[in-house]
Amino acid sequence: MDFLNSYIYYIGAVGLILIGLYIILVKHNLVKAIVGLGILDTGVNLFLISVGYITKGTAPIFSRPGIDSKDMVDPVPQALVLTAIVIGVAILALALSLAIRLYQHYGTLNLRKIREQKW
Amino acid sequence: MRSGIAILLLVIVAFGISLALAEIPFGSPKTKVGRRYIDEGVEATGAANIVTSVVVSYRGFDTLGEVTVLFIAATGLGAVLSAGRKNTAGETEPASVVLYTGCRLLFPLILIFGTYIFTHGHLSPGGGFQGGAIIASGFLLIYLGCRERRISRTASDLAESLGGLVFVVVGLLGLVFGRYFLSNFLPKGTVNTLLSAGIIPIIYIAIGFKVGSELASIIDNLIEES
């Protein structure tokens, strides 16, 4: 139980990363692969945030005077993930647009069938 | 067969990751740089929100690169989707009264909330990226509810370009008046007031406009394709 309490965020993040990788490796449908990419992205973000967490920490914002800076969590991973989320959305949108074009060109989203066809 | 190999590979990957993670204790302070940002950040940048001071001030150049990545992704999406687009202005069924009225009522409120989020980025949780995403969600609501409405492509391009331009010009002004690119040359003011932290609010407002218009144009491109 103690192990689970202290590592539950790591387990969740690595679980999401592995689920995303599995989807990307196994699924033949391109949209499902893109969804896997999104899950992988979420897992990496959660992992970075949980590495920066400090037990019973607060947000690193000095919103009122006299706030104790000893309890604040690490701001660097939060700053990185903040931009990574928006970049992740943009990458997903770009991948989806490429999938739309592929579907219009080949008439299918099945990667195995697309590979068999000629350009 | 294929999934078997994949699972085997994933088990190996999971084993490797767990070996590495066993060396990283959860919930203890790890980086010295984070500690230093917390201890000296308010003094050095004037922003109450340390995450904002890391994003805009300490790693401002990095953020400029990330904004560029977002710009390239949005432009690439526009280029991919606009090439060979068949102009099929399909008939769209009008949305129901509830959705239509709700969207028209909520849209200005969402815009105000997004603006609040990115102008107060140096004081409270939030900032340009979050505020921009909120504004883009308002545009998504408009596309869902009032389907005949379109945002002006010129206006969104203008907001996007101006946002990027303001970011770079403020950085270059830092080179002129300060010592380095993106140096905080404006007076820092009193911590925890709206007009504080020098160039940080200006840059975050520029980022808010840029991210908002970019995400809105992504939504616009994707909806036009359907």
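The values are calculated or read from the model by the stated rules, or taken from the named source; none is laboratory data. Note that this is a predicted model, so its numbers are computed, not measured. For neighbour counting, all protein chains shown are included, and Cβ atoms are generated from backbone atoms with ideal geometry for every residue, glycine included.
Here is how the numbers come out for the structure above:
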| quantity | calculated |
| --- | --- |
| Among the residues listed as B:144, B:77, B:105, B:111, the single one being in contact (Cβ under 8 Å) with a residue 40 or more places away in the chain, away from chain A (no Cβ under 11 Å) and farther than 25 Å from residue A:79 by Cβ | B:144 |
| Region B:154-172, subset farther than 13 Å from residue B:211 by Cβ and small (Gly, Ala, Ser), residue surrounded by the fewest Cβ atoms within 10 Å (Cβ to Cβ) | B:155 |
| Where residue B:27 falls short, out of the listed (1) within 7 Å of chain A (Cβ to nearest Cβ); (2) within 30 Å of residue A:2 (Cβ to Cβ); (3) modelled with pLDDT of 80 or more | (3) |
| One residue from B:11, B:56, B:67 being within 29 Å of residue A:98 (Cα to Cα), among the aliphatic types (A, V, I, L, M), modelled with pLDDT of 80 or more and not in a loop (DSSP other than H, G, I, E, B) | B:67 |
| Number of the condition not met by residue B:46 [criteria: (1) surrounded by 20 or more Cβ atoms within 10 Å (Cβ to Cβ); (2) within 8 Å of another protein chain (Cβ to nearest Cβ)] | (2) |
| Residue list for region A:25-81, filter: assigned to a loop (DSSP other than H, G, I, E, B), buried (at least 19 other Cβ atoms within 10 Å of the Cβ) and of a type in the set (Asp, Glu) | A:74 |
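One line per residue, one yes/no per condition, for (1) within 7 Å of chain B (Cβ to nearest Cβ); (2) over 20 Å from residue B:67 (Cβ atoms); (3) in contact with a helix residue (DSSP H, G or I) (Cβ under 6 Å, 6 or more places away or on another chain):
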{"position": "A:66", "(1), (2), (3)": "no, yes, no"}
{"position": "A:74", "(1), (2), (3)": "yes, yes, yes"}
{"position": "A:87", "(1), (2), (3)": "yes, no, yes"}
{"position": "A:93", "(1), (2), (3)": "yes, no, yes"}
